[in-house]
Amino acid sequence: MKRSLIALAVSLAAFAGAIGAGGHGSAARQMTVNDAVVAGEGMPRTLSEFGFFADATAQIPSAGVTPYRLNTPLYSDGADKLRFLYLPPGSQAVADGENLLQLPLGAALIKTFAFGEGADRQLIETRVLLHRADGWLALPYRWNEQQTEARLALAGGRLDVETPAGETISYRIPNKNQCKECHGLNGSVVPIGPKARNLSPEWMDALQSGGWLDAAPELSASLPLWESRANVPAETAARAYLDVNCAHCHRPGATASNSGLDLRWEQTEPHALGIMKRPVAAGRGSADLAFDIVPGAPDESILLHRMRSAEPGVAMPELGKATVDEEGVSAVERWIEELR
């Protein structure tokens, strides 16, 4: 909890700084982001060409680049993830209920993956999503050993890192096409993180009061803070986890839609969630179990079996995970145990 409050305070302070630099649409605003590069047609070779950071090594954003956090984040082997939003001058995001904020052309989402704390922190990669005239473009950038620059890594890459749990893994930076596996929806690349239900209400209030968001999103419920999951109903914590970690593929129109699973937060039909649903294909991943989720029986549920595995061909999610998320497993296990 302490860490989340600090992150939120930093986020709001940085946002206030961006507004203080000139406010929405002000000519006095101190802009260092290169809008022509963000919205242009090329693929910059280096991260610095965008101008997203005043100090990239320290991950201090430029004016107009706003840090944010997700209530329930996607697990990536325990990596620390630093998230930023950039909106071009004079533009505005549009609220769409509890779903993704609709971001204008020229907007960018920036996410840096890092391991280690303090002076030992190692920046691994920064992924950028650029909203251009022909749609969203996802590009991965890999940091050099000196931590001074990140270069475009269209082919992805691998490097050994030690996770916070003390495991040494071969961390995989996805290639450009693999980005589509999580960000693909109905043939297009889309953002998957900044859904209104998974963002801090205080952060969105600040965005709206600064003129960067058209209205306060109408929320039926926000996803819980992950560090507070023990204080919310088991179903709430588990469904939030599945929505964030699995639903970008397991939903209609996405890459795993043929599984028949729909793990979105808004899905309420038990069979679509996998409860007493048979898998579409039997194989090693099913471990000879009959149903995706068996109420009251985590050990008989394929969904949990795959979450508990780090073995290629069995593990879920297939990308971005080399280790088992024990906390995520516990949250989903608790929910299945309570199902009747």
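State which residue pairs qualify: first residue hydroxyl-bearing (S, T, Y) and inside region 161-187, second residue part of a helix (DSSP H, G or I) in any location, beta carbons under 8 Å apart, and separation of 6 or more residues or different chains.
Hits for this filter: zero, empty list.
When the residues of region 251-268 are filtered to those that are open to solvent by less than 30 Å² (accessible area, probe 1.4 Å), without any contact (Cβ under 8 Å) to a residue 60 or more places away in the chain and of a type outside the set (D, E, K, R), which remaining residue is nearest to R69 (Cα to Cα)?
L263
Restricted to region 171-217, and to residues that are out of contact with any Ser or Thr (no Cβ under 6 Å at 6 or more places or on another chain) and of a type in the set (D, E, K, R), which residue is nearest to D80 (Cα to Cα)?
Only one residue fits best here, namely R172.
Quickly run through region 303-326 and pick out the residues that are assigned to a helix (DSSP H, G or I) and among the basic types (K, R).
R306
Which residue, of R83, R69, R121, R127, is open to solvent by less than 30 Å² (accessible area, probe 1.4 Å), of a type in the set (K, R) and touching a residue at least 40 places away in the same chain (Cβ under 8 Å)?
R83
For R158, are the conditions met, namely being within 21 Å of the chain's Cα centre (by Cα), free of Cβ contacts under 8 Å to residues at least 24 places away in the same chain and under 18 Å from S76 (Cα atoms)?
Against the criterion (within 21 Å of the chain's Cα centre (by Cα), free of Cβ contacts under 8 Å to residues at least 24 places away in the same chain and under 18 Å from S76 (Cα atoms)), R158 qualifies.
Looking for whichever is more than 30 Å from P194 (Cβ to Cβ) and of a type outside the set (D, E) here; the options are G328, G313, G260. Which one fits?
Checking each option against the conditions leaves just G313.
Just a yes or no: is a residue in region 323-337 in contact with a Gly (Cβ under 9 Å, 6 or more places away or on another chain), over 18 Å from H271 (Cα atoms) and open to solvent by 20 Å² or more (accessible area, probe 1.4 Å)?
No - not one qualifying residue is present in region 323-337.
Taking only region 214-246 into account, find how many residues are under 25 Å from P104 (Cβ atoms), surrounded by fewer than 22 Cβ atoms within 10 Å (Cβ to Cβ) and aliphatic (A, V, I, L, M).
Matching residues across region 214-246 total 3.
So is R264 out of contact with any Gly (no Cβ under 9 Å at 6 or more places or on another chain), modelled with pLDDT of 95 or more and within 17 Å of Y75 (Cβ to Cβ) or not?
no
Limited to region 91-116, what total is found for residues that are closer than 18 Å to V37 by Cβ and outside any strand (DSSP E or B)?
Number satisfying all stated conditions: 6.
Condition first: in contact with an Asp or Glu (Cβ under 7 Å, 6 or more places away or on another chain) and in a strand (DSSP E or B). Can you find one or more residues in region 69-84 that meet it?
Scanning region 69-84 turns up no residue that is in contact with an Asp or Glu (Cβ under 7 Å, 6 or more places away or on another chain) and in a strand (DSSP E or B).
Do we have any residue at all in region 278-295 that's without any contact (Cβ under 8 Å) to a residue 60 or more places away in the chain, basic (K, R) and crowded, with 17+ Cβ neighbours inside 10 Å?
no
Here are some conditions: (1) touching a strand residue (DSSP E or B) at 6+ places or on another chain (Cβ under 9 Å); (2) open to solvent by 50 Å² or more (accessible area, probe 1.4 Å); (3) within 18 Å of D77 (Cβ to Cβ); (4) assigned to a helix (DSSP H, G or I). R172 meets all but one. Which one does it not meet?
That leaves (4) as the condition not met.
Considering region 32-52 alone, what residues qualify as being open to solvent by less than 40 Å² (accessible area, probe 1.4 Å) and either on the phi < 0 side of the Ramachandran plot or touching a helix residue (DSSP H, G or I) at 6+ places or on another chain (Cβ under 6 Å) (or both)?
Scanning region 32-52 gives V33, V37, V38, G40, P44, T46, L47, F50, F52.
Which residues, counting only those in region 184-204, are assigned to a helix (DSSP H, G or I) and either open to solvent by less than 40 Å² (accessible area, probe 1.4 Å) or at pLDDT 95 or above (or both)?
A196, R197, N198, W203, M204
How about region 317-330: which of its residues are within 19 Å of C249 (Cβ to Cβ) and out of contact with any Ser or Thr (no Cβ under 8 Å at 6 or more places or on another chain)?
Across region 317-330, the qualifying residues are P317, E318, L319, D325, G328, V329.
Considering only region 287-300, I want to know if a residue exists there that is in contact with a strand residue (DSSP E or B) (Cβ under 7 Å, 6 or more places away or on another chain), assigned to a helix (DSSP H, G or I) and closer than 27 Å to L100 by Cβ.
no
Looking at (1) more than 19 Å from D325 (Cβ to Cβ); (2) open to solvent by 40 Å² or more (accessible area, probe 1.4 Å); (3) part of a loop (DSSP other than H, G, I, E, B), find the lone condition where Q147 falls short.
Failing condition for Q147: (2).
The values are calculated or read from the model by the stated rules, or taken from the named source; none is laboratory data. Model, not experiment: these values are computed from the prediction. Cβ coordinates were reconstructed from backbone atoms using ideal geometry, including for glycine residues, and neighbour counts include every protein chain displayed. Ligands, DNA and RNA are excluded from the accessible area calculation, which covers all protein heavy atoms including side chains. Shrake-Rupley method; radii C 1.70, N 1.55, O 1.52, S 1.80 Å.
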